[in-house]
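Here the structure comes first, spelled out in structure tokens, and everything after it is commentary.
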Amino acid sequence: MAIAVARQENNPKTTNGYGEVEWLAGTHPLVRGYKCILEKGHTVSPKLYEDKTVVFIFGQGTGYITTPVKAYNIEKLSFFVPNFAAEQYTIYAATDMEYMMVVVDMLQSDLDGYKNTHMILPSFKTLDDCEEYTQTCKGPNTKSWTVISSGHLARVLMGVVKADGEGTIEKGHPAVDQWNYTLPGADFTLTVEDEKIHHGANEWSYVPAGLDHSLVSEPGKSVFYIWFEHKTAEIANGSH
């Protein structure tokens, strides 16, 4: 099976207003994706890491994040990358929230590359803050935005794709593994090589490096997803 997928029925159970569960455990040695649910009126202060990259995708619900020096409002599709263990942060839910927390182990080459060049952390963005881009593998009316650019967070890249009645048809890219987190309104088909699955909202799928794949909707239906990519090659001495 070329496609691994986790769906809403795999959501975590909550205790005292919070729940998380690893989705697609064991599919990759360095990348772990956790589906999180934070109920209205509750808070969570995630674990801090010195040597792991953590990326949050807030796709459903509203709330805010606090650090010792700043607060960030989550009112729409938002992304947050904490500053490793330098600052404690807390997530507050104003409404019920569903989001992904992706934790990435950093090899020594990643730490070296990050030391050489990196984005300033903590980083908080909404979709409005992201730069739009285009590709020939995407339909003429498909919109795409960059969230994390190549080289800005070790071997992690991330972006957003949105379309109606079309999407992305892509040759396999051997340089990166890819995960997809679908957003509210998503209703499309993910094809990897000769395998097809339906993707609805708030799901998480994995496409191994090198396999041809497409994410396309029928007329009247929507493609809306986050792509999260992890470079397969070593990042040595800050070169990419």
Taking the stretch 183-197 as the search range and keeping residues that are among the acidic types (D, E) and touching a strand residue (DSSP E or B) at 6+ places or on another chain (Cβ under 9 Å), which one is modelled with the lowest pLDDT?
E193
I'd like the full set of residues that are touching a strand residue (DSSP E or B) at 6+ places or on another chain (Cβ under 7 Å) and more than 21 Å from T182 (Cβ to Cβ), limited to the stretch 15-45.
G17, Y18, L30, E39, K40, G41, H42, T43, V44, S45
With I57, I65 as the choices, which residue is in contact with a Ser or Thr (Cβ under 9 Å, 6 or more places away or on another chain), within 16 Å of V103 (Cα to Cα) and not in a loop (DSSP other than H, G, I, E, B)?
I57
Restricted to the stretch 198-207 and to residues being part of a strand (DSSP E or B) and crowded, with 16+ Cβ neighbours inside 10 Å, the residue modelled with the lowest pLDDT is V207
Suppose we filter the stretch 208-230 for residues that are modelled with pLDDT of 95 or more, open to solvent by 30 Å² or more (accessible area, probe 1.4 Å) and charged (D, E, K, R); how many remain?
2
For P46, are the conditions met, namely being farther than 23 Å from W145 by Cβ, in a loop (DSSP other than H, G, I, E, B) and open to solvent by less than 30 Å² (accessible area, probe 1.4 Å)?
yes
Could you list, in sequence order, all residues of the stretch 2-41 that are surrounded by 15 or more Cβ atoms within 10 Å (Cβ to Cβ) and in a loop (DSSP other than H, G, I, E, B)?
A2, I3, R7, N11, P12, T14, G17, L24, T27, H28, L30, E39
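The values are calculated or read from the model by the stated rules, or taken from the named source; none is laboratory data. Small disclaimer: the values here were computed from a predicted structure and weren't measured. Reconstructed Cβ throughout: ideal geometry from the backbone, glycine too, with neighbour counts over all protein chains shown. Remember, those area values only see protein heavy atoms, side chains included, never the ligands or the DNA or RNA. Shrake-Rupley method; radii C 1.70, N 1.55, O 1.52, S 1.80 Å.
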